[in-house]
Amino acid sequence: TETNNFTDSYMSGDEEKSNSAKINNEINGNWITVPAGTVQEARLKAKAKRRLRKNSSRDSGRGDSLSDNGDTVRFGPPPTSPKGKVLDRRSRQGKGRGLPKKGGAGGKGVWGTPGQVYEDEQQVDVRDPNYDEDQENCVYETVVLPLDEDAFVRTVTPIVKEYFEHGDAYEVAELLSELNLGTMRSDVPLLAVSLAMEAKASHRELTSRLLSHLCGRVLTHSEVEAAFHKLLQELPDLVLDTPTAPRLVGQFIARAVADHILPTNFVEGYKGRVDCGHTRAALDRAAVLLKMRRETGLRIDNLWGLGGGQRPVNQLIKEVNLLLKEYVLSGDVAEAECCLRELEVPHFHHQFVYEAIVMVLESSGDTTLRMILKLLKPLYDSSVITVDQMRRGYERVYMDIADINIDVPCAYSLLEYFVDQSFSSGVIDKNLRDLCPCR
């Protein structure tokens, strides 16, 4: 800056000397006399202003100004740009209101103004160099790869086990329809039957209903028939895990024929062609059941029975009484516990406790009392009968003791004695014992 000032001063030296004697300037059409020093200062300020305007695009963010003596004064923050520039988005020409360009729709990574919604169908530009006329009629679909054997077992096994809990065949059909089973489609009945043979009777009934529901929706009749053919071939391996597999497979075959998902001549097609003893036993079981269905009207559709709470209450009460009578005769606690579990009615165990106490009150002698206590104690300790079910059974007897006393005159005294023995054995607590009514 000093060099430029010196050069400018040197170049204009002659002009200053020629005008030193006569300094008259015309300002606004009037002639006035101006001292020489004032002209020199005005020229210096004008040159400094021209330099500022010339470099305004580069130094606009520096806040340059002029002092009284014509020197350039800079204030404000130093430039932060790598090239010495300040990143200021304001117009450098003093135009505009300081708003973003294009209403905020411009700039890198911006797809239109805020809130703008684009239509799903975009117009195809035929003048686009990447335009391909053959792609106009293309249909794009999601391709799901078929499941292999390992992926099939990992995917379908949880579906079948969950079905055993909720029993909704429509949900299973919907889940299977979303899978690309491929060549593993005929293995669905095979996997379901294999899992059901290791489960309860109610689960086998659910499996038979599931196969009947899937046939015609997810599976074809030929795929179901191929699945049972494969099931008979794998019987020697299934017997290792389930010794009763031949009998169970025979029942599944008879049920499938009764549900019309297997042809009626399925069993007869194996006559004279079977060498395996397990396969022969399964086919013989199915043939016997189908023959009884034709001759005696046996209901194969109820072959596995109704599980859990699906059975009528009167039927459950009869089975509980039969279980107690068999236990009193045999004295086998383990067998009685197994039979009680197979009923699959944990919410109905209070009826078992009620019938057991009534049997004690109606019996003569202490034998039945001791055997019932011997049965209730392990069932209570193993939580087969919960605390709530046990308490509810005793409370029901307390409520009906007045009616029981009509048939059993000494029912009050017998009940009080049985309750004391139950408390001594640890079957009930002190609060339940104190609730025992007395005459």
Mind checking which of Leu329, Leu361, Leu340 is farthest towards the positive end of the stretch 325-377's charge dipole, using Cβ charges of +1 (Lys, Arg) and -1 (Asp, Glu) about the Cα centre? Leu361
Give a quick list of chymotrypsin sites (Phe, Trp or Tyr not before Pro) in the stretch 112-204 that DSSP marks as loop, anything other than H, G, I, E or B, with at most 14 other Cβ atoms within 10 Å. Tyr118, Tyr131, Tyr140
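Kindly flag which residue pairs out of Lys230/Lys318; Lys200/Lys325; Lys318/Lys374; Lys45/Lys102; Lys161/Lys377; Lys230/Lys291 have an alpha-carbon separation exceeding 30 Å in this structure. Mind showing how you got there, number by number?
Details: Lys230/Lys318 40 Å; Lys200/Lys325 24 Å; Lys318/Lys374 22 Å; Lys45/Lys102 40 Å; Lys161/Lys377 33 Å; Lys230/Lys291 24 Å.
Distance filter (> 30 Å) returns Lys230/Lys318; Lys45/Lys102; Lys161/Lys377.
With the Cα gyration tensor of the stretch 189-296 giving a ≥ b ≥ c as the square roots of its eigenvalues, does the rule (a/c under 1.5 for rounded; else a/b larger than b/c for prolate; else oblate) give rounded, prolate or oblate?
Numbers: a/c = 1.31, a/b = 1.07, b/c = 1.23.
The shape class here is rounded.
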Between the alpha carbon centres of the stretch 340-368 and the stretch 171-194 the gap in Å comes to 43
Going residue by residue through the stretch 176-182, the Karplus relation 6.51 cos²θ - 1.76 cosθ + 1.60 with θ = phi - 60° gives ³J(HN,Hα) values, rounded to whole Hz and with x marking Gly or Pro, of 6, 5, 7, 9, 8, 6, x
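First measure r as the distance between the Cβ atoms of Lys271 and Ala199, then evaluate 1/(1 + (r/R0)^6) with R0 = 30 Å and state the FRET efficiency to the nearest 0.05. Intermediate values should be presented prior to the final figure.
Working: r = 31 Å, r/R0 = 1.05.
With a Förster radius of 30 Å, E is 0.45.
Counting only other residues whose beta carbon sits under 13 Å from that of Pro158, what net charge do I get with K and R as +1, D and E as -1? It would help to have the intermediate numbers written out before the result.
Values: positive: Arg154, Lys161; negative: Glu162, Glu165, Glu171.
Residues near Pro158 contribute -1 overall.
Tell me the net charge near Glu344. Cut-off is 13 Å between Cβ atoms, Glu344 excluded, with +1 for each Lys or Arg and -1 for each Asp or Glu.
0
Quick one: ranking Met292, Met371 by accessible area, 1.4 Å probe, largest first, what do you get? Let's see the in-between values first.
On the way: Met292 80, Met371 40 Å².
Greatest to least solvent exposure: Met292, Met371.
So how strong a dipole does the stretch 295-439 carry about its Cα centre when Lys and Arg Cβ are +1 and Asp and Glu Cβ are -1, to the nearest 20 debye?
Working: 14 positive and 22 negative charges, 47 e Å.
That gives a dipole near 220 debye.
What ranking of Ser208, Ser382 comes out by heavy-atom accessible area, probe 1.4 Å, highest first? Let's see the in-between values first.
On the way: Ser208 5, Ser382 55 Å².
Final ranking, largest accessible area leading: Ser382, Ser208.
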Through the Karplus equation 6.51 cos²θ - 1.76 cosθ + 1.60, θ set to phi - 60°, convert the phi angles of the stretch 403-408 into ³J(HN,Hα) values in whole Hz; use x for Gly and Pro. 6, 5, 5, 5, 8, 10
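In terms of solvent-accessible area of protein heavy atoms at a 1.4 angstrom probe, what is the ranking of Leu179, Leu340, highest value first? Don't skip to the answer; put the middle values down first.
Values: Leu179 45, Leu340 5 Å².
The ordering from most to least exposed comes out as Leu179, Leu340.
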Taking the Cα centre of each part, how many Å lie between the stretch 382-405 and the stretch 197-218? 37
Please give the solvent-accessible surface of Lys47 in Å², to the nearest 10, using a probe radius of 1.4 Å with every protein chain present. 50
Given the whole protein assembly as supplied and a 1.4 Å probe, what does the accessible area of Lys325 come to in Å², nearest 10? 120
Can you send over the solvent-accessible area of Ile401, 1.4 Å probe, protein chains only, in Å² to the nearest 10? 10
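The values are calculated or read from the model by the stated rules, or taken from the named source; none is laboratory data. Treat the numbers as computed from the prediction; the structure is a model and nothing was measured. Cβ sites come from the backbone with ideal geometry, for glycine too, and all protein chains shown count toward neighbours. When the accessible area is computed, the model is the full protein with side chains, heavy atoms only, and any ligands, DNA or RNA have been set aside. Shrake-Rupley method; radii C 1.70, N 1.55, O 1.52, S 1.80 Å.
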